[in-house]
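Written out below as structure tokens is the structure these notes cover.
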Amino acid sequence: MLKTELPPHAVSRLRTARLARASKPFLARGGPRNPRCDGCRLIPSHCLCALRPVLPGVRAGVCLVMADIEALKPSNTGWLIADVVPDTFAFEWARTEVDPGLIALLADPQWQPYLVFPGEFVAAERVVTELPADEPARAGGKRPLFVLLDATWPEARKMFRKSPYLDKLPVLSLQSEQLSRYKLRRSQRDEHFCTSEVAALCLALAGESHAAQTLEAYLDVFTNHYLKAKQQLPVDADDAAHQRLRGLLTFADRS
């Protein structure tokens, strides 16, 4: 399903609040200096808003704990998660204080939170590599809530160490052999996924295969638009990435 006029989601609201506190304009490194669309952060000629998926049936949720300026970066892919997954929550991380809304969310009885992080950094008894077999299908049970540290890898490790309120959560350690396809900000290690790729893997574990595939396809299209804008080249709306996304959305409309 596609829709172009939607209310601001959690990451958009966090970005607005962060901009209001900024002492000077935020300039994205290496990106175009032209005005950007408020809905997708791209320049108007490469706007993505008409392709934003709306998937109201997603049962899983995502909680983004975002490093200081992460919500301001046009290349941030947590924004894409909030576009696709209706129950996406976003909080700014700070070492000295915790948003009360985050604490309340983690304690909400409708959710089973999982902190998504490599298992090698925690005690083995905290690590899970898959969800309980019946969890994706349980109508009356707790819904999975995937807690993602949305930051660069060095920042995420610091956030992990200095967030004691996360210490009691089970740690979901992803075991995928898939290599990252994200092309906007590269990690030094190919097995480090961008935030949107991590969310797609989590959705697949939760039995949300269509949402996972849609988020993957949406990331590919976003990357395409972003890089074409940076290179001052037109978008090919009929390339493989766009066709895949349209096919997934057409399938959703028929379901």
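Taking Lys and Arg as +1 and Asp and Glu as -1, the other residues whose beta-carbon sits under 11 Å from that of GLY61 total 0. Here the simple spin-label model places points 7 Å from the Cα toward Cβ, and for ASP236 and THR96 these points are separated by 5.2 nm. Scattering from the stretch 204-255 was approximated by placing one identical point on each alpha carbon and applying the Debye formula without solvent; log10 I(q)/I(0) at 0.18, 0.21, 0.29 1/Å stands at -0.61, -0.75, -1.07. Among residues other than ARG244 with Cβ under 10 Å from its Cβ, the summed charge is -2 (Lys and Arg +1, Asp and Glu -1). With both labels modelled 7 Å from their Cα along Cα-to-Cβ, the LYS142 to ASP167 distance reads 1.9 nm. Projecting label points 7 angstrom from Cα along Cα→Cβ for ALA104 and LEU19 puts them 2.6 nm apart.
Every number here is computed from the coordinates shown, using simple stated rules; none is lab data. The shown structure was predicted, so the numbers you read here are calculated from the model rather than taken from an experiment. Please note: Cβ atoms are built from the backbone with ideal geometry, for glycine as well, and neighbour counts cover all protein chains shown.
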